[in-house]
Structure formats: C-alpha cells, structure tokens
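Data first, discussion second: the structure below is written as structure tokens.
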Amino acid sequence: MKIVQIAGYLGSGKTTLIIALSKKLAGLGMKIAILVNDVGAVPVDGTVMQEYGLTVKDIGGGCICCQVAGSLMKTLETLATTIGPDLVIIEPTGIAVPDAISQTVRLMARKLPVEMGHTIVLFDTSRAAKLLTYDTLKRLVSLQIRDATIIGLSKSDLVTVKEVEEASKSVREINQKAEIVRISTVTGEGLSSLVGRIQGVHAMS
C-alpha cells in the first residue's frame, strides 16, 4: 500500500486536485482511498457508510474517501488490513506540516506493508505574493514547501506565464531538490505528469 500526501496552505486546490488524480489513477486499474478529516467536506456526491469502523464515502469510479478515525496511524492500519487499497492519498489540513505524516508512515512501515510515496505540496500561484509576504504565513508555507518531493504550482490558468515563472523561482529558493510541476485542474496541465510520478514512472504533462 503506497501512501502519497497532497498538502498545501488553505485554498490551494488540494481537494479538487486529489479527486481529479484519483479518478485518473482508478481508471488505470488502481484501487484508491482518499484520507481526509471530514468526508462531508468532500464536494462529490456519494453514499456515506460505516465500514470496518471507518466513515467511508464512495465517490465512484473505484475511489473512496475515508475519514480519519482516532489517529492517523490507526486509520492507516485499518485500511491496510481491511480494504487494502493500492494507494492512499492523504489530504492534511491546510496548516499541517507534511513531515509529521511522513514520519508516521515510516514508523508503520516497520510492521505493515506500506510505502511512503511522493509528498506533493501545492503552492497557489494566484496568491504567491501574499503567501510569502506575511511572516507567520511565510514561515508555515516555507515549512510545507521544504517537505515536498514535488511542488505543484497550482491554479496556473489564473496567472500569466511570468507570474508562474516568478512563483517557481520563489519556491526553488526554499526547496532546491523538489521537482516543480505547473498544475491546473481546469486545463488539465500537469495532471498526467503527476499520475506518472505517483505510479513511479515518468510521464509527459
């Protein structure tokens, strides 16, 4: 069971991206579980049910959303031993630091067949200046970006090419190692690229 997390500050487009990616991955034959704090907040119609002690929302196409029950570790253990998805996509809260989740998964890997995949952190290009201007906000966003293996420049359809390039330069100063991908769930830019990387292969966007 591979674990991928898609993080980023509030309003960066996490949920919309996760649903788009999940349906693409499920279409390739993968069994997908999305782990969120509140399934009711997921803007997709689906039957909500109680299964294996989890609150589960079936959003169709081979994808389910599961609500964190108790601790993250307990919820992942339940998923691994009951539903057994190929991939779990975790959506942390907008103020979470991704490394804490990565550490939990690494601890679990000692006793369960789980593998930590990519940590994708979204950076909202339409609010780039604001996110990196205010000290407290900048500190949190910078911590999130530092933990990324892939930085997604989200909402690229809302800004100019120059603004995307400036955003790319700003996040590169914070994280020199992560891959940077332009993303738009409106135009589809970057989605195929992310699907390939989540699967463990490279794909053209």
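The values are calculated or read from the model by the stated rules, or taken from the named source; none is laboratory data. Note that the coordinates shown come from a computational prediction; the quantities given were computed from them, not determined experimentally. Backbone-built Cβ (ideal geometry, glycine too); neighbour counts: all protein chains shown.
The table that follows gives values for the structure above.
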quantity: Leading residue by the ranking (modelled with the lowest pLDDT) among those in the range 17-52 that are hydroxyl-bearing (Ser, Thr, Tyr) and more than 24 Å from VAL121 (Cβ to Cβ); calculated: TYR52
quantity: Residue in the range 5-39 that is farthest from VAL105 (Cα to Cα), counting only those that are assigned to a helix (DSSP H, G or I) and of a type in the set (Val, Ile, Thr); calculated: THR16
quantity: The range 105-122 - residue that is more than 12 Å from the chain's Cα centre (by Cα) and buried (at least 18 other Cβ atoms within 10 Å of the Cβ) and, of those, nearest to ILE151 (Cα to Cα); calculated: MET116
quantity: Odd one out for VAL164 among (1) over 15 Å from LEU122 (Cβ atoms); (2) in a helix (DSSP H, G or I); (3) at pLDDT 95 or above; (4) not polar (S, T, N, Q); calculated: (1)
quantity: The range 122-142, residues that are closer than 12 Å to ILE95 by Cα and in contact with a helix residue (DSSP H, G or I) (Cβ under 8 Å, 6 or more places away or on another chain); calculated: LEU137, LYS138, VAL141, SER142
quantity: Sole exception among (1) of a type outside the set (Ser, Thr, Tyr); (2) part of a helix (DSSP H, G or I); (3) touching a residue at least 60 places away in the same chain (Cβ under 8 Å); (4) touching a Lys or Arg at 6+ places or on another chain (Cβ under 8 Å) for LEU122, by number; calculated: (2)
